[in-house]
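Every number here is computed from the coordinates shown, using simple stated rules; none is lab data. Quick caveat, the model's predicted, so the values are computed rather than measured. Glycine also receives a Cβ, built like all others from the backbone with ideal geometry; neighbour counts cover every protein chain displayed.
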Amino acid sequence: MESGDQQQWDAIILGAGAAGMMCAAVAGQRGRRVLLVDHADAPGKKILISGGGRCNFTNIHTAPDRYLSANPHFAKSALGRYSAQDFLALVELYGIAWHEKTLGQLFCDGSARQIVEMLQAECDAGGVTMILGAAVTNIDHGDGQYRVRVGEREHRAPALVLATGGPSIPKMGASGFAYDVARHFGLSVVQPRPALVPFTLGPDDALFQALSGVSADVGVRWGKIRFREAALFTHRGLSGPAMLQISSYWQHRTPIQVDFLPDRGADWLLEEKRARPRTQVRKLLGQALPERLADALLERAGVQGELGALSDKALRQLAARLADWPFTPSGTEGYAKAEVTVGGIATAGLSSRTMEATRVPGLYAIGEAVDVTGWLGGYNFQWAWASGWAAGQAL
Ligand code: FDA
């Protein structure tokens, strides 16, 4: 039935972000009549700010073990069927120049806007209708139809896709909306928390806050999880890729361990003592690390003087401490600074092949709204593309 204030579709997708646009384009190009709704006034706003404006759109090392989820197997199917190579092929089809920055991370040479324009063109090719800048005021379900009220109009479809992301960066309009709708339909939600987020340090570590702006290549560990990347001291605590990565795993009130000398062997200080006994330990460490950081670490460790004047035991203890330096963050900078959200709509209630809710026919969830969270480095967009593609094939 179609009238002035009612409209019928094959699928309604809520959220014109990375996952929603991909899903809409795929379903539209398969001949489905698709409505894509977003409360923001433009699509893909997080894509625009991603990767420092150049969008780290995928990672060539994408593999399921680079994702956090209550079910580590859930992402396998979608990631296997729509790979980083598939997205790259699309990027190349549009003539978008790209480069690999580091660790398999692919970025646009030009601007993230090219990715949004590409997705917009793909949606246009599928005849997708977009409603932007409009709030969804009501959703219900009956007689096999989802009824979604947007402004004065009621839109109906046998399929509803939740693609409104997670609550990270609320000032950009991010919300827990997908969780509320999912709960309304009886799905469970794994406790969400900010991830890929800087740590804050408490007064005990005030010494390190004075190092704001200093960075170093470190190893960082939480339990058995390890990353080797750059860390950055900030006026509030710890940031940089290494810290963002480990933050996704970190649990409150537990320590993270930092290896400040990941390229030096355990006996490095002893070897230097034998070779250069008159060298000040401060000078030696200042050659391996930024000087201000070396000073702060030695001050905290209470070690100073010439290498030759320090006992082997003291040097071994110092080396061990520098290789496994504990910080217990007081917290994180929260959703305001988190790139993504860990947790979300529980995968236990979703089909890993189609993203459809197993007990609620026609309801789908994709992208960051789902309890699948990637590492830093293009993995989260790859999940958005792959899960959006999987649902788009099933609608
Ligand atoms: P996304 O957040 O993209 O889209 C959700 C959409 O739903 C938005 O358009 C929003 O307006 C809309 N919406 C929300 N609530 C709604 C409501 N109630 N009604 C209607 N619409 C609603 N990842 C990566 O792989 N590489 C990178 O370089 C970066 N860089 C990066 C930088 C920064 C600063 C951030 C914050 C994040 C990243 N990310 C990233 C993460 C990446 O942006 C994220 O994983 C994806 O955008 C998730 O895609 P989704 O489509 O699921 O949500």
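List of remarks:
- Filtered residues of the range 248-276 (kept if of a type in the set (A, V, I, L, M) and either outside any loop (DSSP other than H, G, I, E, B) or within 12 Å of residue 315 (Cα to Cα) (or both)): 256, 258, 266, 269, 270, 275
- Test: residue in the range 357-366 that is closer than 21 Å to residue 340 by Cα, small (Gly, Ala, Ser) and more than 8 Å from the ligand (Cβ to nearest atom): yes
- Test result for residue 389, in contact with a strand residue (DSSP E or B) (Cβ under 7 Å, 6 or more places away or on another chain) and either under 21 Å from residue 50 (Cα atoms) or within 12 Å of the ligand (Cβ to nearest atom) (or both): no
- Residue check for residue 202: on the phi > 0 side of the Ramachandran plot, touching a residue at least 40 places away in the same chain (Cβ under 8 Å) and surrounded by fewer than 21 Cβ atoms within 10 Å (Cβ to Cβ): no
- Tallying residues that are assigned to a strand (DSSP E or B) and of a type in the set (Ser, Thr, Tyr) within the range 335-359 yields 1.
- Boolean, residue 365 is among the small types (Gly, Ala, Ser), under 26 Å from residue 183 (Cα atoms) and in contact with a strand residue (DSSP E or B) (Cβ under 6 Å, 6 or more places away or on another chain): yes
- Any hit, the range 319-333, residues being surrounded by fewer than 16 Cβ atoms within 10 Å (Cβ to Cβ), part of a loop (DSSP other than H, G, I, E, B), within 12 Å of the ligand (Cβ to nearest atom) and not hydroxyl-bearing (Ser, Thr, Tyr): no
Conditions tested, residue by residue: (1) surrounded by fewer than 19 Cβ atoms within 10 Å (Cβ to Cβ); (2) among the small types (Gly, Ala, Ser).
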position: 74; (1), (2): no, no
position: 122; (1), (2): no, no
position: 134; (1), (2): yes, yes
position: 141; (1), (2): yes, no
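- Residue 41 meets each of the listed conditions (1) more than 23 Å from the chain's Cα centre (by Cα); (2) crowded, with 23+ Cβ neighbours inside 10 Å apart from (2).
- Residues that are closer than 17 Å to residue 328 by Cβ and of a type outside the set (A, V, I, L, M, F, W, C), drawn from the range 240-267: 247, 249, 251, 252, 253, 254, 255, 257, 259
- The criterion of at least 3 residues that are away from the ligand (no atom under 14 Å from the Cβ) is met, among strands (runs of 3 or more DSSP E) falling completely within the range 1-103, by 6-8.
- Within the range 335-356, tally of residues that are within 11 Å of the ligand (Cβ to nearest atom) and surrounded by fewer than 24 Cβ atoms within 10 Å (Cβ to Cβ): 4
- Among the residues making up the range 358-373, those that are under 26 Å from residue 243 (Cβ atoms) and in contact with a Leu (Cβ under 8 Å, 6 or more places away or on another chain) are 369, 370, 372, 373.
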